[in-house]
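A.B. asks: Below are the structure tokens for one structure; questions will follow.
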Amino acid sequence: MFQIQDWSKQQVHDVMQELLYSLNYMWFLMEDWIKQQCPEKLDTEEFHQLSEAFGSYEAKRLEKTIDPAAKGLDRLAAFLKHSHWCAFEDIDLTRLSERELLMQTRNCTAQKAARKWGMDCYDCSQTGLRLRRGFLRQINPEAAVQRIYTPPEPRPENLPEEISCQWKISIPQP
């Protein structure tokens, strides 16, 4: 195990960031391998359940980093700010109401990587939805997530080019 208690904050940050990037890269390699070796498994309920389980596990682990006094939408936002989405991406969280939050990704690294690898886009529609669903429901079982826009859907006319995807997150009235 790392002797991080002896490291500077900058060392811990640098190492953890590189590990995060390595894990993200491996995720893409595994998805690409599945796509090449057994494409019939990629868009199955079984695969989507894995995404949901990953989201749930991530939120469960992050519980240790969140102020227990945070409630409602503020609690969901706190978890999201500690998530892999905010570690890798430029995420904008905008409160729409006391019960709704808009999550937008700006200049998504997955979309950039897809173009670099010769793809039109990275299809994050179902996997992204299930990952977020598992994540949010681990925090609040009544939380809901709705996909507003994700590639490969046609881009809405008024959506700024830097916005890669949009999601509406909501919780019911108490």
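A.B. asks: What longest region of the chain stays clear of chymotrypsin sites (Phe, Trp or Tyr not before Pro) that DSSP places outside H, G, I, E and B and that have at most 15 other Cβ atoms within 10 Å?
C.D. replies: My reading of the result: 8-116 is the longest stretch.
A.B. asks: Let me ask another. Among the trypsin sites (Lys or Arg not before Pro) in segment 27-132, which ones are in a DSSP loop with at most 15 other Cβ atoms within 10 Å of the Cβ? Mind listing them?
C.D. replies: Those satisfying the criteria are LYS71, ARG99.
A.B. asks: Can you tally the net charge around ILE171? Count Lys and Arg as +1, Asp and Glu as -1, for every other residue whose Cβ sits under 15 Å from the Cβ of ILE171.
C.D. replies: Result for the local shell: +4.
A.B. asks: With unit charges on the beta carbon (Lys/Arg positive, Asp/Glu negative), name the residue among GLN17, PHE135, CYS124 whose Cα is farthest towards the positive pole of the charge dipole of the chain.
C.D. replies: Positive-end residue among those listed: PHE135.
A.B. asks: Could you give the size of the charge dipole of segment 2-47 about its Cα centre, using +1 on the Cβ of each K and R and -1 on the Cβ of each D and E, expressed in debye and rounded to the nearest 20?
C.D. replies: Computed charge dipole of segment 2-47: roughly 200 debye.
A.B. asks: Still on this structure, I have one more. Going by the alpha-carbon gyration tensor, a ≥ b ≥ c the square roots of its eigenvalues, is segment 58-118 rounded (a/c under 1.5) or, if a/c is not under 1.5, prolate (a/b greater than b/c) versus oblate?
C.D. replies: Since a/c reaches 1.5 but b/c is at least a/b, the shape of segment 58-118 is classed as oblate.
A.B. asks: If you don't mind, another one. Place a label point 7 angstrom from the Cα of ALA53 along the Cα-to-Cβ direction, then list the residues of segment 126-143 whose backbone nitrogen is under 11 Å away.
C.D. replies: Zone members listed by number: none at all.
A.B. asks: Compute, for the chain, the length of the dipole vector about the Cα centre, with Cβ point charges of +1 (Lys, Arg) and -1 (Asp, Glu) only. Units Debye, rounded to 20.
C.D. replies: Once rounded to the nearest 20, the dipole reads 360 debye.
A.B. asks: Within the chain, which is the longest segment that contains none of the GluC sites (Glu not before Pro) sitting in a DSSP loop with at most 13 other Cβ atoms within 10 Å?
C.D. replies: Result, exposed sites excluded: 1-97.
A.B. asks: Measure up LYS64/LYS116; LYS71/LYS112; LYS9/LYS168; LYS41/LYS71; LYS9/LYS81; LYS9/LYS64 against 27 Å on the Cα-Cα distance and list the ones that go over.
C.D. replies: From the list (LYS64/LYS116; LYS71/LYS112; LYS9/LYS168; LYS41/LYS71; LYS9/LYS81; LYS9/LYS64), the Cα-Cα distance tops 27 Å for LYS64/LYS116; LYS71/LYS112; LYS9/LYS168; LYS41/LYS71.
The numbers here are math on the coordinates, done by the rules we state, and not lab data. Given the structure is predicted, the values throughout are model-derived calculations rather than measurements. Here the Cβ is made from the backbone with ideal geometry for all residues, glycine too, and neighbour counts use every protein chain on show.
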